[in-house]
Structure formats: structure tokens, C-alpha cells
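Q: Structure provided below as C-alpha cells; questions to follow.
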Amino acid sequence: MRQSHLFTKTRREAPKDEVAKNAQLLIRAGYIHKEMAGAYSFLPLGLRVRDNIIRVIREEINAIGGQEIKMTALQSPALWKKSGRWEDGAIDVWFKTQLKDGGELGLATTHEEPLTSLLTEYIQSYKDLPKYVYQFQLKFRNELRAKSGIMRCREFVMKDLYSFNRTEEEFREFYEKCAEAYKKIFARVGIGEKTHRVFASGGSFSKFSDEFQTICDAGEDIIYVHKEKNIAVNKEVYTDEVLKDLGVSKDEFEEKKAIEVGNIFPLGTKYSEALGLTYKDEKGVDTPVIMGSYGIGPGRVMGTVVELLSDAKGIVWPKEIAPFAVHLVSITGGNQDVVAEADRLYELLRENGIEVLYDDRDARAGEKFADSDLIGIPTRLVVSEKSMSQGSIECTARVDGTTTMIGDSDIVARLSK
Ligand code: ATP
Ligand code: MG
């Protein structure tokens, strides 16, 4: 894409009311636009990053047997009354609205009830199970505090996966598979080393649930990490009783701030019983389906990457989720030969399937480099009179600033690696 065609521009300052580093940088670089507290629009560069995160999640969830759907975000109170979750006392972040004919509607905070109800039409016998269903769909939550940029929004996309099993063993086997898939996802998007699987409250469903928490000062959660034993525990279950259970004592645990980037939750038969999702077992007995739910917020992951990996100059994207692989920058000084050479290189890269943002704007070198650092594409190529005279192209890695000169004929091979 030619940068001169991009409708967004970088800006020096983020809006005054924006306090989160992730949103400040993403707004300044033109990835997102703040509509109001907790509500952001994703602009061309931002959508590419979020779509890349979604692609990674989709690949790993498909690999463990997930089937993708997209449900409506409008929800019927009748289903939620069956499970007892329509009342604000049960879910305190509901956005509810009125229909013109007098009825009420909910805007989705999550999708257990409607999906469980949907599956009653397809699950009848033990032969119909297990099933694993997921979506990338909007969630609306009337969050009290929305000060963490795109990490805590009032409207956000969630990957929500739901498992439907016959036995506890079958459920646990999938649960562990999903935990492994999550590890792969967080490693691929660049936050694997700082992300821990954490014991958290299982609510009324089971003793524990599992959260995936990324250690970061911008986090809203407190976790305790035991490095040697590789155990981490959320503050909400950090009690003597639980630690005894886990066979560890309070002294190292180390206290850390962390961001919950994903979670997995045993649901037991609460929703299947409430909504009538049963199957006939091998003896013909009606049995409630055992469920689990598994969430990841791609926007929260994107915000976490920015919080963790950015530097004083701007954002530093890991390759897998960067909006483009290469930022091609031309420093022409009005020299039409340099323009032609940069145009040629742009076409060459595109013909070879390399995604490239081409800064073809008529702007000063300093401005172009500052913008390039802010935008944070992993590899920068500079075409200038100097590079042309040397028959090579200057290649700089955003992550550490190392620069190498690459011979013109090697460029495609080097970048395709
Ligand atoms: P939190 O305790 O941080 O509010 P949660 O327990 O409400 O999170 P879930 O309802 O299980 O989280 O949502 C699953 C995933 O969706 C979370 O792990 C997170 O990645 C993402 N998520 C949750 N709330 C938000 C939000 N307000 N904005 C963006 N992403 C969110
Ligand atoms: Mg929440």
C-alpha cells in the first residue's frame, strides 16, 4: 500500500483524556480512533493487526477441532431468565435496550445461553458429541472503569469458544488441549515469554478456572508467580488453603501486575441443565452435556503487545501480527531516478508476495523515519541517492535498529526468509 493513499496520518499528541499508553501510541500512529471512553474504531493499519491476531487464533483453534460460527449480538431475555443471568445482580455489565413494541433486548456480554439453546436443536444422542464451537463476535459490557485503552472496552471482539462433552475425562482432555493452543497463540503473537497460565477462581462451577496473564505494569490484575515450580496464582485465590492444595508456600511467590489476555473456564452442567441441552447416552438415558468456555480478546492482546514491546520511538510489532512485513521508505530529494527505483522495488516486493507499506510521500527524511519508528513495521528498507550509488538497499530492523546493506539482487530472498 502506498502511504500517500492512506487516509490516516500520524500525529504528535494523543487526545488529552487518553491515559493508556497502548491507546496513546495506537492513536498517534493512526491505528485506532477514540470515539469515547471504552469505544475505539479500528482504522486500516489497526484492522490489519487485529485481523492478523484473529488469523493466528483461528488457525490454532481450528487445529484442535473448533468450528467457526457467527451468532447475533442481540439477545433474547427469555434465554437468560432460564439461567438466572438476566438480572443486573447476576451480570453487572449488561447493556439492555427496549424494542419499539415494548419488549426488551440484551446486547451480548457473552454467548453461553444462546449457543447452548441453539445446540439443543442439533445434539440428541451420544453420537452427536463431542462438539467445539467458536466465534469472533462483538461483546458489549458496561464496564465501570474504561481507562486501559483497547484492553478494556465497552464494545470489543471476543474469540469465544464453547466445548460440549459427554464425560468429565473427555472434557478435561479438550481443556488441556485448549490450554496448549493458547500457549501457541500467545507465543506466536509475541507475548509468550511473559504470559503465565494462572490458577483463578472457578466461581460456582469448579474449584479453579485458568487465566492466561501477561506480566505487565499496565495490568489491572495481581498475580503471584512461583518461578521454580512454574506456578502462578491469581490474587483472588491466593489463600493458605489453596496454596496447601498446590503444595507450595507463600514465601516467592513474587507479586506481579498482569493483564488477563485469555481464560478457560469449566462450566459443568449449569447451562445445559438450565437450557435443556441433554443427550441420550448409550443406555438411552437423558444426560446433561458438560460444558466449558474459552475466551480471548484480540483487541486486548493487541493492546498488551503495544504495552510490552514499544520503546521511546513508538510501536515494535512482532512479525506475525505486523500490519505489513516491510516499510519501504524513499528519500528522493526530488531526484526522479530515486522515485523510479523505489517504485520498481515496491512492485518487485509485491510481486513476490511481500506485504509492504511504501512511504512515497513528499516529506523530509527525518519526518519519514520518525513516522516509520512510530508505526513500528519490523523491517525498514530505505532507497536513496546514497543507496543507489552503492547498488544496495539499507535494511533496518525496528526491534534493535541494526542496519545492513543488502545487494539489490538478494533483497527478495532475504525478506522471504
Ligand atoms: P476482566 O476480569 O479483565 O474483566 P473477564 O473475566 O470479564 O475479564 P471474560 O469475560 O472471560 O473476561 O472474557 C474473555 C476474554 O475477553 C478476556 O480474557 C479478555 O482477553 C477479553 N476481554 C474481557 N473483557 C474485555 C474488555 N472489556 N475489553 C477488551 N477485551 C476484554
Ligand atoms: Mg470483565
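The values are calculated or read from the model by the stated rules, or taken from the named source; none is laboratory data. All figures in this text were calculated on a predicted structure; none of them were measured in a lab. A quick note on method: Cβ atoms are made from the backbone with ideal geometry, for glycine too, and the neighbour counts reach across all protein chains shown. Heads up: the accessible areas ignore ligands, DNA and RNA and are worked out on the full protein's heavy atoms, side chains in. Shrake-Rupley method; radii C 1.70, N 1.55, O 1.52, S 1.80 Å.
Q: How far is the Cα center of the range 280-304 from the Cα center of the range 89-131, in Å?
A: Centre-to-centre distance over Cα atoms comes out at 13 Å.
Q: Just read off the accessible area of Thr332 with the full protein assembly in place, 1.4 Å probe, to the nearest 10 Å².
A: 30 Å²
Q: Using only the Cα atoms of the range 1-87, what do you get for the radius of gyration and for Dmax, in Å?
A: 18.5, 55
Q: Carbon and sulfur: what percent of the range 302-417's accessible surface (1.4 Å probe)?
A: 49 percent
Q: Need one word for the range 326-416: rounded, prolate or oblate. Basis is the Cα gyration tensor (sqrt eigenvalues a ≥ b ≥ c); a/c below 1.5 gives rounded, then a/b vs b/c decides.
A: Rounded, because the longest to shortest axis ratio a/c is under 1.5.
Q: Please list Thr287, Thr304 in order of solvent-accessible area, largest first, computed with a 1.4 Å probe with all protein chains present.
A: Ranked from most to least accessible, the order is Thr287, Thr304.
Q: If you line up the long axis of helix 298-309 against the longest principal axis of the chain, both from Cα atoms, how many degrees apart are they, to the nearest 10?
A: 50 degrees
Q: Going by average Cβ density within 10 Å per residue, which order do the peptides 252-258, 47-53 take, highest to lowest?
A: Peptide ranking by packing, descending: 47-53, 252-258.
Q: Still on this structure, I have one more. Rounded to the nearest 0.05, what FRET efficiency do Lys235 and Asp400 have when you use their Cβ-Cβ distance and R0 = 41 Å?
A: The computed FRET efficiency comes out at 0.70.
Q: I'd like to check one number: the per residue accessible area of the range 326-416, probe 1.4 Å, reported in Å² as a whole number.
A: Each residue of the range 326-416 exposes 46 Å² on average to a 1.4 Å probe.
Q: Work out the P(r) tail for the range 13-55: percent of alpha carbon pairs separated by more than 12 Å, whole number.
A: Result: 57 percent of Cα pairs exceed 12 Å.
Q: Mind ordering 367-377, 23-33, 122-132 by average Cβ neighbours within 10 Å, highest first?
A: Going by the mean number of other Cβ atoms within 10 Å, highest first, we get 23-33, 367-377, 122-132.
Q: Against the longest principal axis of the chain, how steep is helix 44-63, in degrees 0 to 90 to the nearest 10, with axes from Cα atoms?
A: So the inclination is approximately 50 degrees.
Q: Taking Lys96 as the anchor, which aspartates and glutamates have their alpha carbon closer than 15 Å to its alpha carbon, excluding any fewer than eight residues away along the same chain?
A: Cα-Cα hits under 15 Å: Glu87, Asp88, Glu104, Glu143, Glu155.
Q: What is the Cα coordinate range of the range 311-351 on the first, second and third principal axes, sorted by size from largest, in whole angstrom?
A: So the three principal-axis extents are 34, 28, 8 Å.
Q: Could I ask something else about it? So what's the projected area for the range 3-309, the Cα convex hull averaged over all directions, in nm²?
A: 18.7 nm²
Q: Does the range 65-107 come out rounded, prolate or oblate by the C-alpha gyration tensor, with a ≥ b ≥ c the root eigenvalues, rounded set by a/c under 1.5 and, if not, prolate when a/b is larger than b/c and oblate if not?
A: oblate
Q: A follow-up question, please. Roughly what % of DSSP beta bridges within the range 289-417 run antiparallel, to the nearest 5?
A: 50 percent
Q: What is the distance in Å between the Cα centres of the range 330-355 and the range 189-246?
A: 49 Å
Q: If the reach is capped at under 18 angstrom between alpha carbons, list the lysines near Lys227, excluding any in the same chain fewer than eight residues apart.
A: Candidates past the 8-residue exclusion: Lys183, Lys194, Lys235, Lys244, Lys250, Lys256, Lys257.
Q: Can you tell me the orientation of helix 336-351 relative to the chain, as the angle in degrees between its alpha-carbon axis and the longest Cα principal axis, to the nearest 10?
A: On a 0 to 90 degree scale, this one is about 30.
Q: Counting Lys and Arg as +1 and Asp and Glu as -1, each charge on the Cβ, what is the dipole of the range 169-322 about the Cα centre in debye, to the nearest 20?
A: Computed about the Cα centre, the dipole is about 440 debye.
Q: Express in nm, to one decimal, how much length is gained between Asp101 and Glu180 on full extension, taking 0.36 nm for each residue of separation and deducting their alpha carbon distance.
A: Taking Asp101 through Glu180 to full extension adds about 23.7 nm, to one decimal.
Q: Right, something else. With a probe of 1.4 Å, find how much accessible area the range 239-287 has per residue, and write the answer as a whole number in Å².
A: On a per-residue basis, 56 Å².
Q: Moving on to the next point. At 222 nm, what helix-only mean residue ellipticity would the chain give, in deg cm²/dmol to the nearest 500, using -39500 (n - 2.57) for each DSSP H run of four or more?
A: Dividing the helical sum by the residues of the chain leaves -9000 deg cm²/dmol.
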